[in-house]
Amino acid sequence: MTVRSGIGYDSHRFADGGPLLLGGVQIPAAVHLVGHSDGDAVAHAITDAVLGAAGLGDIGAMFADTDAANRGRDSLEMLRAAAARVRDRGFAPQQVDVTVIVEEPRIEGYRAEMAVALAAALGIAPDAVNVKGKSNEGMGWIGRREGLAVIAVATVVAGPSGR
Ligand code: MG
């Protein structure tokens, strides 16, 4: 069995007014993420991770931010489409681990709900998706609450096509 891993990173700037859409969950907050799509940086980082694991490039190649059709786009739907493309190439998404680096809001209370939403988009079990929150200890642009960053790692295995 061939196991492959991919990494994804994303960051988005905050703007005034909540809620904060993250990992497919509407979190009560004073800010939201600015983006061409719906700005869900967790979904974007995971999309890049699963595409990377399968050697399929990145989210920007699949959903160009110059394409008006992608304006305000549902990022979970983008993740679902990426997972489908990965399967088409003969790989099955297995597991995802995510770290959200943010000062506030704290995401601890929303991790389980995010895992359920993300796992549904990926077509895997919720316990195969792990979401963690970390503060940046007040340092830099994250510490100044200008935005947040997300790092994700995904693993896929070769499917029956034997790739
Ligand atoms: Mg993004």
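Assuming His36 fulfils every condition listed in (1) closer than 18 Å to Ala115 by Cα; (2) within 16 Å of the ligand (Cβ to nearest atom) apart from one, which condition is it? Every condition holds for His36 apart from (1).
Would you say Gly133 is under 17 Å from the mean Cα position of the chain (by Cα) and in a loop (DSSP other than H, G, I, E, B)? The answer is no for Gly133. Regarding the stretch 44-60, can at least one residue be identified that is within 13 Å of the ligand (Cβ to nearest atom), within 15 Å of the chain's Cα centre (by Cα) and part of a loop (DSSP other than H, G, I, E, B)? Yes: the stretch 44-60 contains one or more residues that are within 13 Å of the ligand (Cβ to nearest atom), within 15 Å of the chain's Cα centre (by Cα) and part of a loop (DSSP other than H, G, I, E, B). Just one of the numbered conditions (1) open to solvent by 30 Å² or more (accessible area, probe 1.4 Å); (2) touching a residue at least 12 places away in the same chain (Cβ under 8 Å) is not true of Leu51: (1).
Here's the yes/no breakdown for (1) touching a residue at least 60 places away in the same chain (Cβ under 8 Å); (2) open to solvent by 70 Å² or more (accessible area, probe 1.4 Å); (3) in a helix (DSSP H, G or I); (4) under 30 Å from Arg144 (Cβ atoms):
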| residue | (1), (2), (3), (4) |
| --- | --- |
| Val86 | yes, no, yes, no |
| Gln95 | yes, yes, no, no |
| Thr99 | no, no, no, yes |
| Arg106 | no, yes, no, yes |
| Ala112 | no, yes, yes, yes |
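Pairs linking a residue in the stretch 116-136 that is more than 13 Å from Val150 (Cβ to Cβ) to a residue that is at pLDDT 95 or above and loosely packed, with under 14 Cβ neighbours inside 10 Å, with Cβ atoms under 7 Å and 6 or more positions apart or on different chains, are Ala119/Ala125.
The values are calculated or read from the model by the stated rules, or taken from the named source; none is laboratory data. Being a predicted model, the structure only gives us computed values, none of them experimental. Cβ: placed from backbone, ideal geometry, glycine included. Neighbour counts: every protein chain shown. The accessibility values were calculated without ligands, DNA or RNA, using every heavy atom of the protein model including side chains. Shrake-Rupley method; radii C 1.70, N 1.55, O 1.52, S 1.80 Å.
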